[in-house]
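Accompanying notes for the structure given below.
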Amino acid sequence: MKIWLSKNSEVPVREQLITQITLGIASGDLATGARLPSTSEIARRYKIHSNTVSNAYQILAEQGWLEFKKGSGFYVREKNPENIENSLDKLIAHFIRMAEAQGFSPEEIKTRLLHYLDSQKSNELFVIEDDAALREILIEEISAAAKFEVRGATFEEFKQNLSKTNANFSAMFDEKAKISAVLPTAKNCVFLKANSAAASMTGETRPTPDDLIAVVSGWENFLILAKTMLVAVKIEPESLLIRSTVEENWHKGLQAASMIICDSLTAKNLTDFQNVRVFPLISEESLGEIAQLS
């Protein structure tokens, strides 16, 4: 079975994989017991993230299309007719038979179905995060990296309303267990890995003992983490100027700093300063996963 993936489509690559493999099984292109290519092989062949392939295979396994054999890989699962009564599997198989009876080829069916899914796909991405200050920073970073209309939501808002939409979702990696417990199988959520301090400071010149370093943010934890990180690399606490943007006169004294470390959202309010260093919270790997969805 051949697979066609378009990175320029509004349909996420993961959904393209799921749809094509499902149709391949339903149409008989993929026979019962057939072994699928490994996740690394698909990722390498189509230059996509291996996590995307792995996630697609896992969903297909949960839906009953595939089964995983330890040490061997994923295989097309043998269907038990008693288990697919009134199921999505039966509806898809029935649709394929009807379409073929009307003279449509498997390729035509696949193309039109992908086109339909493409037209139905939402261009929204919701950042699920209860901490409002952190949520705004994440929205800022994702908006700069993807073509989605990015919005924020609390966990309760997601659980009660948004999980019913066809939007994409993202959240920090430590929220995975909580969100996965209520995330419908067909929904997509990218769990964001945090950026490393080493990666963000690569190429930066180490401050001298006489330099004053300012740390500025509206998120309290950013101020704490940045201060901890700087002290850990032997920057004297007396050399640090900590400013919270939620306080009045937070700009005071920043002119004297040789370096201003801030988050991406705060950086938008520091355009008059030449010595600003932005510390991204989201790793490049996670931003790449989100970009593939758009």
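The values are calculated or read from the model by the stated rules, or taken from the named source; none is laboratory data. As the structure is a prediction and not an experimental result, all values here were calculated from the model. Cβ sites come from the backbone with ideal geometry, for glycine too, and all protein chains shown count toward neighbours.
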Quiz item: Among the residues of the range 231-284, which ones are crowded, with 17+ Cβ neighbours inside 10 Å and without any contact (Cβ under 8 Å) to a residue 12 or more places away in the chain?
Solution: A267
Exercise. Working carefully through the options R14, R35, find the one that is over 22 Å from E289 (Cβ atoms), modelled with pLDDT of 85 or more and touching a Ser or Thr at 6+ places or on another chain (Cβ under 8 Å).
Key: R35
Quiz item: With respect to Q255, is the statement that it is among the polar types (S, T, N, Q), in a helix (DSSP H, G or I) and assigned by TED's automatic domain parsing to the domain that holds N221 true?
Solution: yes
Quiz item: Going through the range 41-75 one residue at a time, which ones are exposed (fewer than 15 other Cβ atoms within 10 Å of the Cβ), in contact (Cβ under 8 Å) with a residue 12 or more places away in the chain and either hydroxyl-bearing (S, T, Y) or in contact with a helix residue (DSSP H, G or I) (Cβ under 8 Å, 6 or more places away or on another chain) (or both)?
Solution: S72
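Please go through the range 136-154 and pick out each residue that is hydrophobic (A, V, I, L, M, F, W, C), out of contact with any strand residue (DSSP E or B) (no Cβ under 6 Å at 6 or more places or on another chain) and at pLDDT 90 or above.
Answer for the range 136-154, where residues must be hydrophobic (A, V, I, L, M, F, W, C), out of contact with any strand residue (DSSP E or B) (no Cβ under 6 Å at 6 or more places or on another chain) and at pLDDT 90 or above: I137, A144.
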Quiz item: Being in a loop (DSSP other than H, G, I, E, B), modelled with pLDDT of 80 or more and touching a Leu at 6+ places or on another chain (Cβ under 7 Å), is that true of even one residue in the range 164-172?
Solution: yes
Self-check item: Filtered residues of the range 48-69 (kept if in a loop (DSSP other than H, G, I, E, B) and either β-branched (V, I, T) or modelled with pLDDT under 90 (or both))
Solution: I48, Q63, G64, W65
